[in-house]
Amino acid sequence: MTAELTYLLLTALLAGVLWIPSVLGQVQSRGTLKPDDYVTLPTSPLADWATRANRAHLNMVENFSIFAAVVLVAHVLGIHTGLTAACAAIFFWARLAHALVFIAGIKQLMLRTVIFTVAWAAWLVLALEVLRKGLPAA
């Protein structure tokens with residue numbers, strides 16, 4: 001398995017578990033669901049960290065698809081370079097850090113935004129490298 005596919009798998013695993021802190025926060029704030037809650041969703045306030053956990057999960061879901069698409073296109077085209085591997089690694093580690101910083105509510109240095117931008121830049125460089133290597137020469 002290439003490094004890019006490894007980091008795609010790790011990113012998928014991260015996306016697949018990021019709902020857990022959100023649910024734990026909802027249970028902590030609202031208690032377990034009751035039958036009527038399936039019809040009328042609870043509206044009592046959540047702890048701030050639980051709201052941030054939910055938003056971190058949603059943000060990961062939104063960004064996973066664009067990362068996965070580029071990694072899979074690279075794989076299908078047989079594009080695997082040191083740059084593509086590094087970009088995939090940076091994307092994963094930045095997304096992990098983003099989730100941790102977001103849920104923890106760390107606000108110093110606008111760290112969450114900086115980390116998000118690092119992940120996005122890694123994705124962009126990866127996509128541009130796949131385009132550069134994958135497009136037919138003119």
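Rule-based calculations on the coordinates, nothing more; no lab input. Not measured: the values here are computed from a predicted model. Cβ: placed from backbone, ideal geometry, glycine included. Neighbour counts: every protein chain shown.
A simple spin-label model places the labels of residue 137 and residue 47 6.0 nm from each other, with each point 7 Å out along Cα-to-Cβ.
One chain, two ends: residue 39 and residue 62. Fully extended at 0.36 nm per residue, the span grows by 5.6 nm beyond their Cα-Cα distance. Taking Lys and Arg as +1 and Asp and Glu as -1, the other residues whose beta-carbon sits under 12 Å from that of residue 67 total -1. Among 109, 14, 131, the order by Cβ neighbours within 10 angstrom, fewest to most, reads 109, 131, 14. Electrostatic tally near residue 87: other residues with Cβ closer than 13 Å to its Cβ, Lys and Arg +1, Asp and Glu -1, net +1. Among 21, 35, 45, the residue with the largest mean-square fluctuation in a Gaussian network model of the chain, with springs joining Cα atoms closer than 10 Å, is 35.
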